[in-house]
Amino acid sequence: MAVLLWKSFLMLDILFQRYRSERRKYATFYQNELSPLRIKPLNLLQVGVDSSIAVWRKFLQNSNIYCIDEFKKKEPKIYDYLNEKRVFWSRCDTSEEKAINEVMKNVWNNPRFDIIIDTTNNFAYTRQPFLKRFSTGKYYIEDGDDVMIIK
């Protein structure tokens, strides 16, 4: 029993490690924040695509994972996990309110997100006001070694 509890506590760290995510440094933070939500049917939006999309899909077992990215460095086709069930993605200029509104309205039909994780901190603080409109829960901004919570 103690081993299962320990594994459960370390689950996000293990998943970040397995998927080689740079977000591993945030594992303890997100473990504490998201563990109570693991089996709930939620909508999570991540700004910026990386291997943590696969982590959220595994960890949040009944949740839909949405992601927007400009895909300037790599094309979406190289990310196999973008084709998994419960994962929805769109190419989007994440620094432009008009582009984000276009995706939210015309691609995803105005979704509401229980969790927003903004991983691309270049414009995180400027885009937060217009992304927050689609949020019904917490908005997380990853900034260097810290994660800011906007409620």
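Brief remarks follow.
- Residues (exposed (fewer than 12 other Cβ atoms within 10 Å of the Cβ) and not in a helix (DSSP H, G or I)) located in segment 62-86: ASN62, LYS72, LYS73, LYS74, GLU75, LYS85
- Candidates THR126, THR136 - the one that is surrounded by fewer than 14 Cβ atoms within 10 Å (Cβ to Cβ), hydroxyl-bearing (Ser, Thr, Tyr), in a helix (DSSP H, G or I) and free of Cβ contacts under 8 Å to residues at least 60 places away in the same chain: THR126
- Residues that are of a type in the set (Gly, Ala, Ser) and not in a loop (DSSP other than H, G, I, E, B), drawn from segment 47-61: SER52, ALA54
- Just one of the listed residues (VAL55, VAL47) is touching a residue at least 60 places away in the same chain (Cβ under 8 Å) and buried (at least 22 other Cβ atoms within 10 Å of the Cβ), and it is VAL47.
- With respect to the conditions (1) at pLDDT 95 or above; (2) at positive phi; (3) of a type outside the set (A, V, I, L, M, F, W, C), SER63 falls short on a single one, namely (2).
The values are calculated or read from the model by the stated rules, or taken from the named source; none is laboratory data. This one's a predicted model, so the numbers in the text were calculated from it and none came from an experiment. Cβ atoms come from the backbone with ideal geometry, glycine included; neighbour counts cover every protein chain shown.
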